[in-house]
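Working notes, beginning with the structure itself.
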Ligand SMILES: Cc1ncc(C[n+]2csc(CCOP(=O)(O)OP(=O)(O)O)c2C)c(N)n1
Ligand SMILES: [Mg+2]
């Protein structure tokens with residue numbers, strides 16, 4: 001039984017698993033995430049994005065590093081601060097901005113905003129809002145992989161707020177008992193809405209992995225290469241029968257819970273302290289040291305986001321008759337054991353063939 005727990009993961013830069021082009025790609029995806037979310041925030045303020053808007057400013061390394069370590073056949077359960085995961089799996093910036101604006105070209109074709117979406121053809125599962133039910137979804141998928149004898153892995157992200165919920169413990173327990181190929185990435189961003197972590201748990205949450213008999217690892221969540229390396233190892237362990245891993249990525253939510261939240265409850269010094277550890281700037285410094293033209297990359301990303309914004313703004317709203325075609329996800333779903341796509345039950349109920 002695994003006993004290794006609360007291990008602080010080493011910096012991934014020296015691991016040798018990332019080629020220079022991979023390291024550039026990681027920065028590119030983080031820049032895209034930041035740029036798209038900044039653009040979306042301004043579209044939201046202009047009234048072009050309905051509902052609210054959630055972003056992952058300051059947490060880009062957690063979704064980029066973890067998603068990059070996963071193989072195409074793996075499945076990702078993506079949460080509200082993990083835009084880089086969608087990007088890495090191949091969702092285009094124009095599709096994402098269309099999604100936020102409720103346009104027909106969005107991933108859910110206008111059915112939801114910036115939270116519940118996932119293109120299953122790309123291995124992304126749309127978020128279930130009850131937190132942390134995605135842990136149970138990922139655990140269930142891992143169970144299916146096990147039953148079908150497939151060498152695949154499921155990964156889900158979730159926040160510190162989730163660790164006090166019953167579903168967290170149920171998913172961890174079942175994954176541990178069955179030694180399932182699942183990776184749990186805890187985004188410890190210091191707050192669950194306005195509740196700081198010292199009001200949430202009395203132990204370091206990574207220690208909870210030991211209670212369920214598997215490996216727990218703490219990683220600097222603002223170091224994309226360290227997150228990558230910890231996830232790569234966790235995936236290796238998962239697909240070779242070594243069971244689940246809990247990765248606690250320590251980071252900071254640098255913006256409010258959502259666009260409406262000015263986070264007055266967060267001490268300014270705490271934000272300033274974390275600003276010095278900005279994950280994007282950190283990767284930029286690394287690449288500059290390798291002689292890579294980071295400014296050119298930034299310009300290229302901005303041009304890409306400008307073009308995507310124009311494309312998304314020019315796109316139509318969904319047609320009314322499209323309303324019953326699926327719910328939150330798009331993309332070809334692979335058949336489950338009974339040969340039915342996961343949402344075919346819904347479609348039958350709605351009388352859609
Ligand atoms: C069971 C449940 N209770 C409450 C909410 C409302 N809610 C949405 S996000 C959130 C805060 C979650 O904090 P955390 O898990 O730390 O994630 P973070 O937003 O910090 O990334 C809350 C309370 C919910 N979605 N599900
Ligand atoms: Mg949190």
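Values computed for the structure shown
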{"read-out": "Residue within region 109-131 that is at pLDDT 95 or above and part of a helix (DSSP H, G or I) present", "value": "no"}
{"read-out": "Checking residue 203 against (1) within 16 Å of ligand 2 (Cβ to nearest atom); (2) part of a loop (DSSP other than H, G, I, E, B); (3) closer than 28 Å to residue 273 by Cα, the condition it does not meet", "value": "(1)"}
{"read-out": "Residue in region 108-116 that is crowded, with 19+ Cβ neighbours inside 10 Å, in contact with a strand residue (DSSP E or B) (Cβ under 7 Å, 6 or more places away or on another chain) and over 27 Å from residue 279 (Cα atoms) present", "value": "yes"}
{"read-out": "Residues of region 293-318 classified as within 27 Å of the chain's Cα centre (by Cα) and not in a helix (DSSP H, G or I), total", "value": "3"}
{"read-out": "Check on residue 139, part of a helix (DSSP H, G or I), more than 16 Å from ligand 2 (Cβ to nearest atom), surrounded by 21 or more Cβ atoms within 10 Å (Cβ to Cβ) and on the phi < 0 side of the Ramachandran plot", "value": "yes"}
{"read-out": "Some residue of region 222-241 being surrounded by 24 or more Cβ atoms within 10 Å (Cβ to Cβ) and out of contact with any helix residue (DSSP H, G or I) (no Cβ under 8 Å at 6 or more places or on another chain)", "value": "yes"}
{"read-out": "Of all residues making up region 158-195, the number that are in contact (Cβ under 8 Å) with a residue 60 or more places away in the chain and either outside any strand (DSSP E or B) or more than 10 Å from ligand 1 (Cβ to nearest atom) (or both)", "value": "14"}
{"read-out": "So residue 190, is it within 15 Å of ligand 2 (Cβ to nearest atom), under 21 Å from the mean Cα position of the chain (by Cα), surrounded by fewer than 23 Cβ atoms within 10 Å (Cβ to Cβ) and more than 23 Å from residue 145 (Cβ to Cβ)", "value": "yes"}
{"read-out": "Test result for residue 73, more than 11 Å from the chain's Cα centre (by Cα) and surrounded by 24 or more Cβ atoms within 10 Å (Cβ to Cβ)", "value": "no"}
{"read-out": "Residue count for region 242-271, restricted to those that are part of a loop (DSSP other than H, G, I, E, B), within 16 Å of ligand 1 (Cβ to nearest atom) and either surrounded by fewer than 24 Cβ atoms within 10 Å (Cβ to Cβ) or at pLDDT below 95 (or both)", "value": "13"}
{"read-out": "Subset of region 206-218 (residues that are in a strand (DSSP E or B) and either out of contact with any strand residue (DSSP E or B) (no Cβ under 7 Å at 6 or more places or on another chain) or within 16 Å of ligand 2 (Cβ to nearest atom) (or both))", "value": "218"}
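The values are calculated or read from the model by the stated rules, or taken from the named source; none is laboratory data. Note that this is a predicted model, so its numbers are computed, not measured. Neighbour counts run over all protein chains shown; Cβ positions are idealised from the backbone, glycine included.
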